[in-house]
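Take a look at the structure set out below.
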């Protein structure tokens, strides 16, 4: 299990099963993402991010299954336009997975 406080507030807990190549992320107390914005979830391998989820507009807490991990070493949360982004543009927090 990996935990990290996010900036400026909020927290992420990531529980990983490498055997099942999946995990669960618990997000809580995230700040309001702002008008027309939402949070997206990423697994990052080296410098290559891969989107693994997006919260609905206005959602500030979530329990989400993520994966496959494909040797990702970092989980990230970004603040993005409601339509989403191809790559993260505003990372608000990361959790190292090793």
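Just how far, in whole angstrom, is region 42-93 from region 9-23 if you go by their alpha carbon centroids? Taking the Cα centre of each part, region 9-23 and region 42-93 sit 12 Å apart.
For a Förster distance of 22 Å, can you work out the FRET efficiency between the beta-carbons of residue 28 and residue 82, rounded to the nearest 0.05?
Working: r = 21 Å, r/R0 = 0.96.
It comes out at approximately 0.55.
Given R0 = 35 Å, the distance between the Cβ atoms of residue 98 and residue 60 translates into a calculated FRET efficiency of 0.80.
Global dimensions of region 2-96 from alpha-carbon coordinates: Rg and Dmax equal 12.2, 39 Å.
Tell me, what are the semi-axes, in whole angstrom and largest first, of the equivalent ellipsoid of region 31-79 as set by the roots of 5 times the Cα gyration tensor eigenvalues?
On the way: eigenvalues 96, 25, 11 Å².
Working through the eigenvalues yields semi-axes of 22, 11, 7 Å.
Considering only 53, 84, 36, give the residue with the highest GNM mean-square fluctuation for the chain, with springs between Cα atoms whenever their separation is below 10 Å. Taking springs between Cα atoms under 10 Å, the residue moving most is 36.
Taken together, the values in this text are just the output of simple stated rules run on the coordinates, not laboratory data. What you are looking at is a predicted structure, and each value in this text was computed from that prediction instead of being measured. Note that each Cβ is placed from the backbone with ideal geometry, even for glycine, and that neighbours are counted across all protein chains shown.
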